[in-house]
Structure formats: structure tokens, C-alpha cells
Amino acid sequence: MQAGDPDAFAELVEGHRRELVLHCYRLLGSAQDAEDAVQETFLAAWQHIAGFEARSSVRTWLYRIATNRCLAALRSARRRQPDKVAVLAARYPQPNATSEVMWLEPYPDLLLEGIADAAPGPDARVEAREAISLAFVAALQLLPPRQRAVLVLRDVLGFRAKEVAAMLDTGEDSVSNALRHARANLQKRLSPPGDPHLPRIRGPNEPSSNIWLLRTRLGTLLPWWRCLPKMSSFTAPLADMQFVGPATAGRLFEAIFAQARSYRLIDTRANGQPAFGVYVRDPATGVFHANGMVVLTLAGDRIRAMTRFDNSVIAKFGLPRRLP
């Protein structure tokens, strides 16, 4: 391709956009930051296209630029920080744990559509479904940036050690050492296998499904926490709080529903998991206003945890700010 031909450049790189955004999301924990990083990646690629010598594929070249853009963002003091979240009102119980991950957003499943169906490299160790899960991405955010990048490039995408070393301008020994530490650190962060006593979900279309019950009970003001008696935790990452254990989570939901508000839910999916946009009715106008999003984490066919996000993520999922 000749430098200065924007149409040819777009044809060269646009087919990789969605997989690069997903890659940057895993490293940065934010879909918006990931999109910004990919825009910077394409700008850098355009500016240096004349120097591309085809020693690697265009895809590998773009992954190299994107990875280094993400690492630069993680090092930057200018990186966007979450807004401060108000402390819980006195009527709510206090959390019994803190969330180690302070910067995490859910990823819309709609953005996973259209990603090239290319099999990961032979060295990949993490299944595609696990590699997008909220728990996996949250655990990644607790790794040092370089370990994070090496683990994603090697174990998720399956690039060879030699390729990763070239991307990061380092030696293969350094890559292998970082990968060893990253795997050990990640294993400590990931949750243990599902508790067999967690509440059962038979399927989204069955009337006995707990997802169905959750939707129904919110809509009719019945206490939704009763259908989750063994839920492990309720987490609000940006608020730095966790309610761990069924008793603590139960007290939280009791306090929420003691206010006798009307709720509505809109189904969606995030990180390959069931999710709901939550809406609360204004008694003065009858209008339902967005009140964040809840993402369910499943262990097999059982609910392990809920993670709540604020209204800043609503638009990314195509959800309205209010319902009539």
C-alpha cells in the first residue's frame, strides 16, 4: 500500500477495529478508554505506514501499536479517573469489604459481534468466553501493566513468545518471566469454583428461572434478594465497596426495598453475562429514571455475584435514560 492513500489504509485496518478494542478493554478495563486507544493506534499506524516492512502481519503490527498505547495510558497520570461516588446513606448497611478494582466498566456483548472469527494462536490457554468475563477482566486490572499485557498476548491471543518480545521491545526470557508471575498472580485473584449451594438458574425462558424471578420481583416490588439466598457478593467497583455473603447482601436488599419504590428492568448482556438496566419510578411524575446497571456473574447454572455500575455505562448499551 502506498503512503497517503486513506481509502486503502482504511481497508487495511478497519477489519481489525473490534478485536483491537476488545484487546484494549482487557488491558484498560474501560470500553471508552479502549476505543480512544484504538483511535490513537490507527493514527500512529497511518503516520508510520511508510515504515511498515511486512516483517509481520498487519494484525500483529496493529496489536503491537495498540498494546504499547495501552501501556502508555496506564503509566500516564492524565488517565481518566472515575468520579468520586457518594458514601451510602445512613439507611443502608455498611459494606463488609472493599473492592480492589477501582476502575472497571462492563463491556456490551453487541460489541463482540463482527469480530473476526480467527482462532487464537496455538499458545492460547484461556478460553474466549472466560477471557471476556467480568471476573477475568477485573482480575487483570490488579496485575502490573506489563504482566497484564504479556498474559493477554500469550494466554488469551496465543501470540508466540518471540512475537510478544518484539511487540514489547524486550527479550523472550523477560516475556517468559513476566508470564510466569502473571499466571501466578492471576490465579490468586480469580474466584474459586462455584459453590454447589448457590441458587439454581434453569434457563431464561422457564418460569422457575431465578433470572425470571429477579425481573418479576423487581417489577412488582417483591424483595429480589429472597431469590438469591446464597449469593456470594454484591459489588460496586467505582464506589469501592462490597457486600460479601448472603447475610450482608440480604440486609442491603432489605434496606433498598424498604423504601417501597417501583422498579423496571431492561434485559441486556455484558461480558458474556446476563445484565439488566435498572429503572426507578419517580412518584411525582410516574417516569422511570435510569438507576445504573446490574451484571450477574454465574457459577455454572447458579448466581454467584452481582456487580452494579452507575448511569455512566447506560448509553454504551443503547439503553434510554428514562422510561414512560
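The values are calculated or read from the model by the stated rules, or taken from the named source; none is laboratory data. Treat the numbers as computed from the prediction; the structure is a model and nothing was measured. Here the Cβ positions follow ideal geometry from the backbone for every residue, glycine too, while neighbour counts run over all protein chains shown. Accessible surface is based on the protein model in full, side chains and every heavy atom, while ligands, DNA and RNA are left aside. Shrake-Rupley method; radii C 1.70, N 1.55, O 1.52, S 1.80 Å.
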(Q) Just the residues that are without any contact (Cβ under 8 Å) to a residue 24 or more places away in the chain and not in a helix (DSSP H, G or I), please, taken from the range 20-50. (A) His48
Q) Can you tell which of Asp83, Asp36 is under 30 Å from Gly318 (Cβ atoms), of a type outside the set (A, V, I, L, M, F, W, C) and modelled with pLDDT of 95 or more? A) Asp36
Q: Give the residues of the range 281-322 that are at pLDDT below 90 and of a type in the set (Gly, Ala, Ser), sorted by residue number.
A: Ala299, Gly300, Ala305
Q) What are the pairs, 6+ residues apart or on separate chains, where a residue within the range 306-324 that is within 13 Å of Tyr107 (Cα to Cα) has its Cβ under 7 Å from a residue that is of a type in the set (Lys, Arg) and at pLDDT 90 or above? A) Ile314/Arg321
Q. When you go through Arg75, Arg146, Arg91 one by one, which is the residue that is of a type in the set (Lys, Arg), open to solvent by 20 Å² or more (accessible area, probe 1.4 Å) and at pLDDT 95 or above?
A. Arg146
Q: Report yes if some residue within the range 95-109 is modelled with pLDDT of 90 or more, buried (at least 17 other Cβ atoms within 10 Å of the Cβ) and either over 15 Å from the mean Cα position of the chain (by Cα) or aliphatic (A, V, I, L, M) (or both); otherwise report no.
A: yes
Q. For the range 1-34, what are the residues that are open to solvent by less than 60 Å² (accessible area, probe 1.4 Å), under 17 Å from the mean Cα position of the chain (by Cα) and of a type outside the set (A, V, I, L, M)?
A. Glu19, His23, Cys24, Tyr25, Arg26, Gly29, Ser30, Asp33
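For the range 122-133, indicate whether the set of residues that are in contact (Cβ under 8 Å) with a residue 60 or more places away in the chain and farther than 25 Å from Leu298 by Cα is non-empty.
Taking the range 122-133 first, the residues in contact (Cβ under 8 Å) with a residue 60 or more places away in the chain are 129, 131-133.
Of the ones still in play, those that are also farther than 25 Å from Leu298 by Cα are none.
Within the range 122-133 (the criterion being in contact (Cβ under 8 Å) with a residue 60 or more places away in the chain and farther than 25 Å from Leu298 by Cα), the answer is no, since none of the residues qualifies.
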